[in-house]
């Protein structure tokens, strides 16, 4: 009886929420585990979540990004009350769930689907029975169950695999079963806990496309936690960056991408997007090309704050005009352009040559409306760190070694060490540059084949 | 039979075995063994399953996390399990009299067997539930499943194949226990082998009992293996 009442309350509350209105609200939420875990007697237990206030609106695909130990998993588990906050309140679908009893929570949880990094399918149940399980819990009539399972299998494209066991499926297929199972009872919210972290890049894109479809066609609000910036970039519309239990930065995905404020955000963005060459590559380019090596940051749009005031302007948009106007010779050496929610962002590195004064004038004119990193020439090189610092843009500093440490505070410490990157990080840089090449729409202009393929595509 | 042995003054095997006398006793013994083993497996197996789930559930980080209860149960199981069954049988005598009303006979043997089987099962069940992926349990929780539902519909099915093998293993332990029932007049194949084989220097009788027990164990193990294999194919 109580359960039915609770469910009615949930449905009534949920019915009132329109697209764009808050569906999940964290208000000064703190989660502190017992000190025993840290093993240090007397030391205060670290706060897994530290005073987080965050609003997620209906219809959002909300990305929460952070290194492991940043508290994002704990935060997301408070949305379906798998974890309860130590203090503060969590309001979901209009219900204050942080004070609900376990009995009331059970029907409530059926309104919130969840998918996992390791899929967490029931290994002894078939694909169809996995999807059927939440329907059984919800006491659906058998024929309705049957129909719903078929619908869902069709939606995720696994109709022919209904009677297989999870072990017979590929990772991408398993996650699609996970999604179908999470959607079975028509939830309004889907929580994705590192849902693509165990998948290869191609399958990741597939699963992200499916999640996008879930959001667009079924109107399900998605909360996506990840440590991969390109996941956020591919589907989220809003993002929060977490570090050491706190939300350090939040906003529209494009704004955060184009104008990151926090070092940790810059670092995440550098892993997902940037055409900025690393130090080694700049040195090579200086050796190979006689002219001035300059990286121009590309931003298609201005970024404005909530009141329409520009935070950061577009960049690199008039470069062709200026090259023509000043009569400098340019060669494209390196770069990458990404699209974040359909808007171009990235960096292109040129070699500019010609009359010295022309080049200087040209660069001055270019720097007026654009962010420019001047690496100088072979004869007059500008040190890498100095050039980048002068331009005031994010450096592609990669994940710190201790990012996977248990102590969430470690991640914060290394964030401060952002500027002390030396050559010993170069192997790491390389690894991450390899990752970059998997990013959609990104062309390495140092590879003539890639450029050729690109221009052919455009001609068609 | 005894007379002929004494008259000859020598011990000859097999030829002296009088099956017309022994056959009904053998059948009765097989019946007693099956009775003791089956009742013990059902009663001890079910109680042990419950206790095992309790042990697993109260472990730190699990569904019914309760360090105090877990510690107490853990200690009790650890105390009872290593006691040799023949000593346990004797030690339990006052309790057996209180519960069953007698300390002699098949029923009197079944009671301590059930108790020991419960403890043995509980540990086996616990050990086979621990490897179940906690992520699967979290997934069930996220769907709004109750704790009992999670145990019944997720936890036990996920561990079913190893649990079945554990019960086959238990069958052997219980058969072993039943062999000692003879000491308190419980009868059974063990008693048959000792009383009519060993103590009468009749190896044929002893080996008949041994072979029957081997066949019983093989049959049960083969069935369990087949079921577990079928379940694991998934």
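The values are calculated or read from the model by the stated rules, or taken from the named source; none is laboratory data. It should be emphasised that the depicted structure is a prediction, and the values quoted were computed from it without experimental measurement. Positions of Cβ are generated from backbone atoms using ideal geometry, with glycine treated the same way; all protein chains shown enter the neighbour counts.
Output the residues belonging to the stretch B:194-234 that are within 19 Å of the chain's Cα centre (by Cα) and closer than 27 Å to residue B:87 by Cβ.
B:209, B:210, B:212, B:213, B:214, B:216, B:217, B:220
Please return the ranges of helices (runs of 4 or more DSSP H) entirely within the stretch B:142-234 where 2 or more residues are more than 14 Å from every other protein chain (Cβ to nearest Cβ).
The helices (runs of 4 or more DSSP H) meeting that bar are B:160-178, B:189-192, B:203-232.
Kindly indicate whether residue B:139 is crowded, with 18+ Cβ neighbours inside 10 Å, within 30 Å of residue A:125 (Cβ to Cβ), within 11 Å of another protein chain (Cβ to nearest Cβ) and at pLDDT 95 or above.
The answer is yes for residue B:139.
Counting only residues that are within 14 Å of another protein chain (Cβ to nearest Cβ) and closer than 17 Å to residue A:212 by Cβ, which one in the stretch A:159-187 is surrounded by the most Cβ atoms within 10 Å (Cβ to Cβ)?
Only one residue tops the list, namely A:175.
Report, by residue number, each residue of the stretch A:141-161 that is without any contact (Cβ under 8 Å) to a residue 12 or more places away in the chain and in contact with a helix residue (DSSP H, G or I) (Cβ under 7 Å, 6 or more places away or on another chain).
A:159
Checking residue B:108 against (1) in contact (Cβ under 8 Å) with a residue 12 or more places away in the chain; (2) within 14 Å of chain A (Cβ to nearest Cβ), which single condition isn't satisfied?
Residue B:108 satisfies every listed condition except (2).
When only residues in the stretch B:55-78 that are closer than 30 Å to residue B:175 by Cβ and without any contact (Cβ under 8 Å) to a residue 60 or more places away in the chain count, which is nearest to the chain's Cα centre (by Cα)?
B:77
Which residues, taken from the stretch A:93-112, are touching a helix residue (DSSP H, G or I) at 6+ places or on another chain (Cβ under 8 Å) and more than 8 Å from every other protein chain (Cβ to nearest Cβ)?
A:93, A:94, A:95, A:97, A:100, A:103, A:104, A:111
Quick check on my filter: what residues within the stretch A:113-132 are more than 7 Å from chain B (Cβ to nearest Cβ) and surrounded by 24 or more Cβ atoms within 10 Å (Cβ to Cβ)?
Selection gives A:113, A:115, A:119, A:121, A:127, A:130, A:131.
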